[in-house]
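S.K.: Here it is, the structure, as structure tokens.
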There are 2 protein chains.
Amino acid sequence: MSAQAEIRSLFEPQSIAVIGASSVPTKIGYKLLQNIVEMGYQGTIYPVNPKGGTILGLPVYPSIRDVAGDVDVAVLVIPANRVYETVVACGEKGVRHLSIISSGFSEVGNVEEEQKIVSYARAHGMRVLGPNIFGHYSAKVSLNATFGPRDIRPGNVAIITQSGALGVAMIGKTSVQNIGLSAIISVGNKSDIDETDLIEYLIHQEETEIILMYIEGIHGGDRLVAKLKEATRLKPVIVIKSGRSKRGAMAAASHTGSLAGADEVFDAIMKQCGVFRAESIQDALDWCKYLSQAPIPRGKNSVIITNGGGIGVLATDACEKYRVHLYDDTERLRLTFEEVTHGFGSTKNPIDITGEATRQDYETALLRALEDPDIHSVIGLYCETAVMDSAELSDMIRSTYVRFRDAHKPMVFSIFGGELTEEALVSLAQDNIPVYRDVYEAVACLGVLHAHGRNLDRPVERFEPGVVDTRAVDRILDAALAEGRHFLLAHEGQSILQAVGLEGPGGGVAKSISQAVELADSIGYPVVMKVVSRDILHKSDAGGVLLHLMNREEVMDAYQTIMHNCKTQVPDARIEGVEVVRQIPPGMEVIVGGRRDRSFGPILMFGLGGIYVEVMKDVAFRALPVTRKEIMTMIKTIKSYPLLLGVRGEPRRDIEGVEAVLQRVGDLLLACPRITDFEINPLMVYPQGQGVMAVDVRVLIRDREGDPS
Amino acid sequence: MSAQAEIRSLFEPQSIAVIGASSVPTKIGYKLLQNIVEMGYQGTIYPVNPKGGTILGLPVYPSIRDVAGDVDVAVLVIPANRVYETVVACGEKGVRHLSIISSGFSEVGNVEEEQKIVSYARAHGMRVLGPNIFGHYSAKVSLNATFGPRDIRPGNVAIITQSGALGVAMIGKTSVQNIGLSAIISVGNKSDIDETDLIEYLIHQEETEIILMYIEGIHGGDRLVAKLKEATRLKPVIVIKSGRSKRGAMAAASHTGSLAGADEVFDAIMKQCGVFRAESIQDALDWCKYLSQAPIPRGKNSVIITNGGGIGVLATDACEKYRVHLYDDTERLRLTFEEVTHGFGSTKNPIDITGEATRQDYETALLRALEDPDIHSVIGLYCETAVMDSAELSDMIRSTYVRFRDAHKPMVFSIFGGELTEEALVSLAQDNIPVYRDVYEAVACLGVLHAHGRNLDRPVERFEPGVVDTRAVDRILDAALAEGRHFLLAHEGQSILQAVGLEGPGGGVAKSISQAVELADSIGYPVVMKVVSRDILHKSDAGGVLLHLMNREEVMDAYQTIMHNCKTQVPDARIEGVEVVRQIPPGMEVIVGGRRDRSFGPILMFGLGGIYVEVMKDVAFRALPVTRKEIMTMIKTIKSYPLLLGVRGEPRRDIEGVEAVLQRVGDLLLACPRITDFEINPLMVYPQGQGVMAVDVRVLIRDREGDPS
């Protein structure tokens, strides 16, 4: 069965059992059953409690074993220590989904018990939601299997939440804000079912048009990334992830036991996936509400119409922040709006129709914008004036909005003033007309909508993995691991580079003078020579490194000098030989790396090299696999990208070379799961056409795939 | 008369004339008079209109000349073309202040007329507010001399606004939000009275506890900076400046004609002054409201109490963003809060009292925090639960808040849930209890309050100007200007460095081989030689620069080579000689600059040097004068500051040397107003104790102080 079909019966069960149903109204076991019954679920409901009797008019079964019919979902509202035996009973009964409300598992350190339960469940064909959750709601079958509020407003937004308290409160909050839900699912400890499983189903569920997630920590992020990339081409996905700050991440860890990864990595990967990240819950809900009803714009041009210059300027700032493109064909704008700017306004977008604008003026300006095929979205701003009062404004906005509702022209309004304006705001909001108190809020919503429009247009690009000589890599790794090493020596790193078709400084390890000369001859002069010995940590200090060796004679001298120096400085050192490599000419230094992230699996890193990478933190991350286009975007993301393009008369650098290296490092990480960390630092980037060269490679490895890195 | 006393009569006039008073209720001349009369101004009111008669029961004077008594303020509500003659009449009458409502002046390009009016007024002892304004309001004398809403809620916030439409709407908005105003002043074109004049008065006005400004552009920012530094030690100053974005700045320019300076400069200087900058109007109003009633905390320690882990984590993130310090004595926190965390909550701050917390638990936790002398402010968070409903919550918050209102323990609350929570929120907000919908809003308010507390504690540091040999500088500038140059040649720049006691590469211009040798001998080898010629722009390309000259022989050869090269490459070039300077050893490159900013006057700049300054824009700005401490903060502000401290085994750099250079460059700009731009790039910074050295100096000058730069 596909994962999607597997999850379907959680959202569309024909029958549900509540194990731990209670007749005591203050208990969760009562509240949950009551929600199911009173919200009007049409499937069969089986309350289960050893005490028997009836609750809410339903016969109570002493045990799940006593239920006659099939059970799609069993909700467990019982103490932690009785969960396992009940899960066993559910397995015997052939239950398909367990929703384990009970807490007292991994979130308080009781990891083993949780794993035992999940193992049993999975072995017996059951999927597990939770434990440590408030339940789930599915509008499709009017199922409110939560202990939260009874009334949930049905609609098109699906919420997945890792925090129970927040989730319960969100049910109420969304209702207050007129946001309808297609589903809300509490994932809690995510012992089995996680965001990815749920999204897989929700992508294709017709009722769901928007997905909102509250996340504290992620496991198995590589699956999530693939699913999110797919989802955002179809439906907007909004995420709130707490733990942005260091201390916040610690607090999240102590809250759910999930170790939050570095926030920059999360942020970068969400952007890569086309997910919209909100800082605050309020922003997330505002965006959900707007996206749940606004049409997709047919182009990028937006126009600001305002009766106040000041808020016009503020909105312009907000447009830049939220990437809303302001239409800027000045001549066209002048022709279109000249008539309504009272001579002293402005047609330069913001279209300033001035404080003297009447209702009629404002309406004319709006219509002009809405009827112009080259204008694709409209921002309407209003400062309360005596010339046009808020009641007139409210009428005008309402009628215009309704008239153009189906015109594929998204609108947002922000209105500012006293009591009357406040009333207009409340009344318009009640009719779900997108009117905001603050200019930034309004523009943010429109910005997210435009970004979603761009997501929909994003061409599907296939990932094409490159060829990696995995047998060669495996030989190197096996040899290193056989010696008990979890890192590679320099020449081994070089061989890995070769195995993916990348150029390093070449060379190898010479065990004699004649080998050294041979190597130097083969790679070309000048060369660098370095002692190879695990006993000598600071090679330069020990006189074990010599640069600028121009010819055979110098190589011969150097070999002897290095041997002599090292034996004098570190008498007991075991010396394996002397490495001979090409001397790399200076270039622009960048860093290319890859590692296995605890949250997201294999990820790629790129940044400005040298001493600045640590201090300026000018780096970009992407989850693997990445397409060629994603790599180009990644390179352009770093702030120092102009240096690669060439500034102050410096030449454009070989960006194509950098791109190729990123691609190959990505291939390597995907093909060789035992490599946990791979870093080329620096990678010298030469002027365009002259390529790049890896100077130093650092590789960490592990014994087996899946081992902790 | 001090400026402060001068402005007082604008805010506390004994009498006011409305010139252009009208009996037609739709006219501004009626509305304004009506506002004055109906809001209950107790001074004498003189309506003026050639038609005479009575309006609103007051006798109308045909001309201001006909008024018998003194007139402190004359409000002009007449067409632009009649303003000047009326101002003359006011001058003759001895009016003290003109509030010119009329528009049609510099904002539409009519600069001359505006200047004529101001010149006349100032010459006749009158100060001018406006033109192009909606008027002003002063709670102290219940004077509403605006054409905005009649009812203005009196209180302790003073608003200065450059945008009229926004200002009018703010009157209504503040009233809706329960924010009382001590004053609101529309400054419009700022032809005479500007923010600085008003702040000077408001600093000492008892009624005003908070100052809020909406700014689009600034002139005479150096006066403003001094005044803001003074003000923020006493009262919080909040600013909204639009035109953050490039396009926003353009829109602002077309709106008021004021050229906004670079936003980064504005932002940096506001921070220097201790001003709080809000991005959106809503944030600014939230902060105003909170600051207008919250007590100043007695220390930095804050505690988060929450019944939901998720919002606790979000609040922790927000605390980092808004610099709210979370108390972190874990042992102490455990002892204090252990009892209320239900075993599975957390005492680690956020104090998570879990979803099972009752009203009693929450109250206990709050009291523990409020009674602990080491906890100085409290953030209370709530997710709606069945265990503690919103009505209970509302009661509990209200009683606790009232009980500790005078305890110098600021509190903020953020509550999240459905209909009942919404009701609690509205009811608490009506009582001015600081409860917010969003966690970030709540924490932002507390953050601004803590920052204001730090401002109050800021020690007053005296600026001590250094000695500049202004006569030496003047000689150099005079000579350059006499030649018609507005830039200095390299050796002149060197002399300027000497005049402020800074070390440059030394040397000078040789006109012969023997002079070159003499110079080289005096500064020491190695030296660099460069051709001096205004006809040769690309000196290196012309073979006019030679490096690494180690002795007399090489200097002699070099002189001849340079002359030969240049004459061959640029045959007609007039060659003034060859500059001989010390060859500077490499160090860490930084840039130190100063210039006269259009908005803020003399400002200082510091940043990471080399090719990165352009790309990374890692620079800091300060308005002059700066104290030693401000310079240290400035240096620490740049992101690459750790490079100066030394990373990856690099030595700590001579930060004291950098500090001294910044100080001296500041002194120079203050002492020599004809220098418009001064830039040392790069300044080489050597390891601590080894000093710094200016490699290249660029100086631009102007003919006279006050000339456009």
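The values are calculated or read from the model by the stated rules, or taken from the named source; none is laboratory data. Please read all numbers here as calculations on a predicted model, not as lab measurements. Methodologically, a virtual Cβ is constructed for each residue, glycine included, from the backbone with ideal geometry; neighbour enumeration extends over all protein chains shown.
Rundown of residues vs (1) of a type outside the set (A, V, I, L, M, F, W, C); (2) farther than 22 Å from B:LEU488 by Cα; (3) assigned to a loop (DSSP other than H, G, I, E, B), yes/no style:
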| site | (1), (2), (3) |
| --- | --- |
| B:VAL528 | no, no, no |
| B:ARG534 | yes, no, yes |
| B:HIS548 | yes, yes, no |
| B:ASN565 | yes, yes, no |
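S.K.: What are the residues in region B:110-131 that are under 26 Å from B:ALA169 (Cβ atoms) and either modelled with pLDDT of 95 or more or not assigned by TED's automatic domain parsing to the domain that holds B:GLY164 (or both), if any?
M.R.: B:GLU114, B:VAL128, B:LEU129, B:PRO131
S.K.: For B:GLU107, state whether it is at pLDDT below 95 and in contact with a helix residue (DSSP H, G or I) (Cβ under 9 Å, 6 or more places away or on another chain).
M.R.: Spelling it out, B:GLU107 is indeed at pLDDT below 95 and in contact with a helix residue (DSSP H, G or I) (Cβ under 9 Å, 6 or more places away or on another chain).
S.K.: Name the residue, out of B:SER280, B:SER302, that is closer than 30 Å to A:ILE160 by Cβ and not assigned by TED's automatic domain parsing to the domain that holds B:GLU209.
M.R.: It is B:SER280.
S.K.: Give me the helices (runs of 4 or more DSSP H) completely within region A:127-245, filtered to those with at least 2 residues that are within 14 Å of another protein chain (Cβ to nearest Cβ) and surrounded by fewer than 24 Cβ atoms within 10 Å (Cβ to Cβ), ordered by residue number.
M.R.: A:164-176
S.K.: How many residues are at the interface with chain B (Cβ under 9 Å from one of its Cβ atoms) and among the polar types (S, T, N, Q) if we restrict to region A:302-353?
M.R.: 5
A quick yes/no check of all residues on (1) closer than 18 Å to B:VAL692 by Cβ; (2) of a type in the set (Phe, Trp, Tyr); (3) at the interface with chain A (Cβ under 10 Å from one of its Cβ atoms):
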residue	(1), (2), (3)
B:SER599	no, no, no
B:LEU604	yes, no, no
B:GLU630	no, no, no
B:MET634	yes, no, no
B:LYS639	no, no, yes
B:LEU643	yes, no, yes
B:VAL647	no, no, yes
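S.K.: Could you please find all residues in region B:21-43 being without any contact (Cβ under 8 Å) to a residue 60 or more places away in the chain and assigned to a helix (DSSP H, G or I)?
M.R.: B:GLY29, B:TYR30, B:LEU33, B:VAL37 - these are the residues of region B:21-43 that are without any contact (Cβ under 8 Å) to a residue 60 or more places away in the chain and assigned to a helix (DSSP H, G or I).
S.K.: Moving on to the next point. Among the listed residues A:ILE238, A:ILE210, A:ILE218, which satisfies the condition of being under 30 Å from B:SER346 (Cβ atoms) and modelled with pLDDT of 95 or more?
M.R.: On inspection, the qualifying residue turns out to be A:ILE238.
S.K.: Also, I was wondering about something else. Contact list please: Cβ distance under 8 Å, first residue in region A:191-204 and under 17 Å from A:HIS97 (Cα atoms), second residue among the hydrophobic types (A, V, I, L, M, F, W, C) and part of a loop (DSSP other than H, G, I, E, B), pairs at least six apart or on different chains.
M.R.: A:SER191/A:PHE105; A:ILE193/A:VAL187; A:ASP194/A:VAL187; A:GLU195/A:VAL187; A:GLU195/A:ILE218; A:LEU198/A:VAL187
S.K.: Among the residues of region A:62-70, is there at least one that is under 22 Å from A:ILE184 (Cβ atoms) and not aliphatic (A, V, I, L, M)?
M.R.: No, region A:62-70 contains no residue that is under 22 Å from A:ILE184 (Cβ atoms) and not aliphatic (A, V, I, L, M).
S.K.: Here is a list of conditions, (1) within 14 Å of another protein chain (Cβ to nearest Cβ); (2) surrounded by 20 or more Cβ atoms within 10 Å (Cβ to Cβ); (3) not hydroxyl-bearing (Ser, Thr, Tyr), and B:GLY593 meets all of them except one; can you say which number that is?
M.R.: Status for B:GLY593: all satisfied but (1).
S.K.: If we keep just the residues of region B:468-480 that are free of Cβ contacts under 8 Å to residues at least 40 places away in the same chain and among the hydrophobic types (A, V, I, L, M, F, W, C), which is farthest from B:LEU700 (Cα to Cα)?
M.R.: Ranking the candidates gives B:ALA472 first.
S.K.: Now for a separate question. Report, by residue number, each residue of region A:610-632 that is small (Gly, Ala, Ser) and either more than 19 Å from B:LYS639 (Cβ to Cβ) or surrounded by fewer than 21 Cβ atoms within 10 Å (Cβ to Cβ) (or both).
M.R.: A:GLY610, A:ALA623
S.K.: So, in region A:649-684, exactly how many residues are more than 27 Å from the chain's Cα centre (by Cα), in a strand (DSSP E or B) and either farther than 28 Å from B:MET616 by Cα or within 14 Å of another protein chain (Cβ to nearest Cβ) (or both)?
M.R.: The total comes to 2.
S.K.: Assuming A:PHE337 fulfils every condition listed in (1) farther than 21 Å from B:VAL168 by Cα; (2) of a type outside the set (Ser, Thr, Tyr); (3) surrounded by fewer than 16 Cβ atoms within 10 Å (Cβ to Cβ); (4) more than 36 Å from the chain's Cα centre (by Cα) apart from one, which condition is it?
M.R.: It fails just one condition, (3).
S.K.: Let me ask you something else. For the list (1) touching a Pro at 6+ places or on another chain (Cβ under 7 Å); (2) more than 30 Å from B:SER9 (Cα to Cα), I need the number of the one condition that B:ILE210 fails.
M.R.: (2)
S.K.: Among (1) touching a Pro at 6+ places or on another chain (Cβ under 7 Å); (2) over 25 Å from B:ALA623 (Cβ atoms), there is one condition B:ARG485 misses while meeting the rest; what is its number?
M.R.: Of (1) touching a Pro at 6+ places or on another chain (Cβ under 7 Å); (2) over 25 Å from B:ALA623 (Cβ atoms), only one is false for B:ARG485: (1).
S.K.: Then there's this: Taking into account only those residues within region B:394-439 that are more than 13 Å from chain A (Cβ to nearest Cβ) and in a strand (DSSP E or B), which is surrounded by the fewest Cβ atoms within 10 Å (Cβ to Cβ)?
M.R.: In this case the residue turns out to be B:PHE413.
S.K.: Sticking with this one: Filter region A:185-207 down to the residues that are of a type in the set (Asp, Glu) and under 14 Å from A:GLY135 (Cα atoms) and list them by number.
M.R.: A:ASP194, the sole residue that qualifies.
S.K.: What single numbered condition from (1) touching a residue at least 24 places away in the same chain (Cβ under 8 Å); (2) over 30 Å from A:ALA369 (Cα atoms); (3) within 14 Å of another protein chain (Cβ to nearest Cβ) fails to hold for A:ASP283?
M.R.: Unmet for A:ASP283, out of (1) touching a residue at least 24 places away in the same chain (Cβ under 8 Å); (2) over 30 Å from A:ALA369 (Cα atoms); (3) within 14 Å of another protein chain (Cβ to nearest Cβ): (2).
S.K.: For region B:342-368, which positions are under 25 Å from A:ILE101 (Cα atoms) and surrounded by fewer than 20 Cβ atoms within 10 Å (Cβ to Cβ)?
M.R.: Scanning region B:342-368 gives B:HIS342, B:GLY343, B:PHE344, B:GLU356, B:THR358, B:ARG359.
S.K.: Let me spell it out: the conditions are (1) out of contact with any helix residue (DSSP H, G or I) (no Cβ under 8 Å at 6 or more places or on another chain); (2) modelled with pLDDT under 90, and B:GLU461 meets all of them except one. Which number is the exception?
M.R.: Every listed condition holds for B:GLU461 apart from (1).
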